[in-house]
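Since every read-out is calculated from the coordinates, none of them should be taken as a lab result. All values reported here derive from a predicted model rather than from experimental measurement. Cβ placement follows ideal geometry from the backbone for every residue including glycine, while neighbour counts extend to all protein chains displayed.
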Amino acid sequence: MSSARTTLAPVSKVKIEVKVNGEVRQADVDPRIPLVQLLRDELGLTGTHIGCLTGHCGACTILLNGSAVKSCTVLAASANGDEIRTVEGLADGDLHPVQKAFWDYQGFQCGYCTPGMIMTTLELLRENPDPNDNEIKAGISGNLCRCTGYQTIIQAVRGAAEALRRNPQPADKS
Ligand code: FES
Ligand code: FES
């Protein structure tokens with residue numbers, strides 16, 4: 001039996017410019033690659049994780065123009081001119097209050113889902129600064145965790161909400 005190997009045909013790259021964590025970055029991208037691949041492979045921002053690449057797990061969640069988006073579902077080329085915030089853009093010397101809450105409440109075990117959970121939490125708490133548990137569950141329902149059983153994540157989001165109400169972060173408004 002002959003073995004056939006499928007290779008993608010070469011295509012012309014597309015020049016794009018994005019603002020990532022406040023920094024303008026340029027890249028020549030294959031128009032077929034998803035945004036998560038641009039972030040990880042071209043821009044070196046490996047805090048954004050890849051789980052499924054099909055929009056189901058939420059590990060790749062980032063903020064795109066302020067909205068939580070699964071970055072495996074967006075073509076990198078289509079993000080030209082957009083503003084992106086990744087987990088690397090949160091800590092400013094100290095951990096961001098949402099990161100600190102995940103640490104304090106042990107809202108992770110292996111940590112694979114954590115960057116996506118945190119970025120989703122940022123959007124959730126911007127929209128609803130004092131969510132109840134059902135609202136937290138609904139808010140993180142697009143992010144899967146195989147380790148924690150979710151209880152400590154819910155506690156972490158609750159703790160993050162309290163921390164942000166005490167100490168709002170101006171950068172989170174955008
Ligand atoms: Fe994007 Fe799973 S890797 S949703
Ligand atoms: Fe391991 Fe969530 S902490 S997948």
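Can you sort 78, 71, 141 so the residue with the fewest Cβ neighbours within 10 Å comes first?
141, 78, 71
Could you give the length gained by full extension between residue 133 and residue 88, i.e. 0.36 nm per residue of separation minus their alpha carbon distance, to one decimal place?
Result for the pair: 13.5 nm of gain on full extension.
Length gain on complete extension for the stretch residue 46 to residue 67, per 0.36 nm per residue less the alpha carbon to alpha carbon distance?
My answer for the length gained is 5.6 nm.
How long are the three semi-axes of the equivalent ellipsoid for the stretch 105-174, computed from the Cα gyration tensor as the root of 5 times each eigenvalue, in whole Å, largest first?
19, 12, 11
Just how many pairs of Lys in the chain have C-alpha atoms closer than 30 Å, counting pairs that are eight or more places apart or on different chains?
Lysine pair count for the chain: 12.
Rounded, prolate or oblate, given the Cα gyration tensor of the stretch 1-125, with a/c below 1.5 counting as rounded?
Cα axes put the stretch 1-125 in the oblate bin.
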